[in-house]
């Protein structure tokens, strides 16, 4: 059991961690090629996600504000939490799931990521060609900057100390799911 702390009660309690540009690529292939040009490694399952039709890009250039939180900061005190419970708590306090484009754009724009840092993206999972639901992570494992995938099923367990990137929901989010939009409106 992890020692309890004062939990984040509202999105207003979380500072914006980073703002990134999205909508800067015309296609996912162009985005993937840019990752390759920068020397960023893309794991096999992450590459599958980028190639899926459900992986979408913003239709115009805009800024996305990101927040960085742990399940522990959201009030979980057990050693692990399911993604379903983590996402429900994030939505409850007004934090939105990140759009699919956030992960590769963060990988491109976060070139000074400290060695050993792994950041999971709090996003709706995208299924691989084999049907496995996956979410993306940006990491610097010591051998360079990488974009990888991890289990994104609702029952996937993550340590409460894991760091997750979500999108600030205090703005209209074109292309967000109806549940995210409704949660954002209720949180206001």
Quiz item: Can you spot a residue in region 89-96 that is outside any helix (DSSP H, G or I), in contact with a strand residue (DSSP E or B) (Cβ under 6 Å, 6 or more places away or on another chain), in contact (Cβ under 8 Å) with a residue 24 or more places away in the chain and within 17 Å of residue 124 (Cβ to Cβ)?
Solution: yes
Quiz prompt | Given (1) modelled with pLDDT of 95 or more; (2) touching a helix residue (DSSP H, G or I) at 6+ places or on another chain (Cβ under 9 Å); (3) surrounded by fewer than 24 Cβ atoms within 10 Å (Cβ to Cβ); (4) over 21 Å from residue 33 (Cβ atoms), number of the condition residue 88 does not satisfy | solution = (2)
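Could you say which residue among 100, 104 is under 12 Å from the mean Cα position of the chain (by Cα), part of a loop (DSSP other than H, G, I, E, B) and more than 17 Å from residue 162 (Cβ to Cβ)?
On the way: 104 fails: part of a loop (DSSP other than H, G, I, E, B).
Exactly one of 100, 104 is under 12 Å from the mean Cα position of the chain (by Cα), part of a loop (DSSP other than H, G, I, E, B) and more than 17 Å from residue 162 (Cβ to Cβ), namely 100.
Yes/no matrix, rows are residues, columns are (1) surrounded by fewer than 18 Cβ atoms within 10 Å (Cβ to Cβ); (2) more than 17 Å from residue 136 (Cβ to Cβ); (3) touching a helix residue (DSSP H, G or I) at 6+ places or on another chain (Cβ under 7 Å):
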| residue | (1), (2), (3) |
| --- | --- |
| 8 | no, yes, no |
| 15 | yes, yes, no |
| 32 | no, no, yes |
| 49 | no, no, no |
| 71 | no, yes, yes |
| 76 | no, yes, no |
| 92 | yes, yes, no |
Quiz item: Within region 135-149, can one find any residue that is surrounded by fewer than 22 Cβ atoms within 10 Å (Cβ to Cβ) and under 22 Å from residue 9 (Cβ atoms)?
Solution: no
Quiz prompt | Among the residues listed as 64, 3, 21, the single one being surrounded by fewer than 17 Cβ atoms within 10 Å (Cβ to Cβ) and at pLDDT 95 or above | solution = 21
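The values are calculated or read from the model by the stated rules, or taken from the named source; none is laboratory data. Here the structure is a predicted model, which means the values were calculated and not measured. Here Cβ is always computed from backbone atoms with ideal geometry, including for glycine, and neighbour counts include all displayed protein chains.
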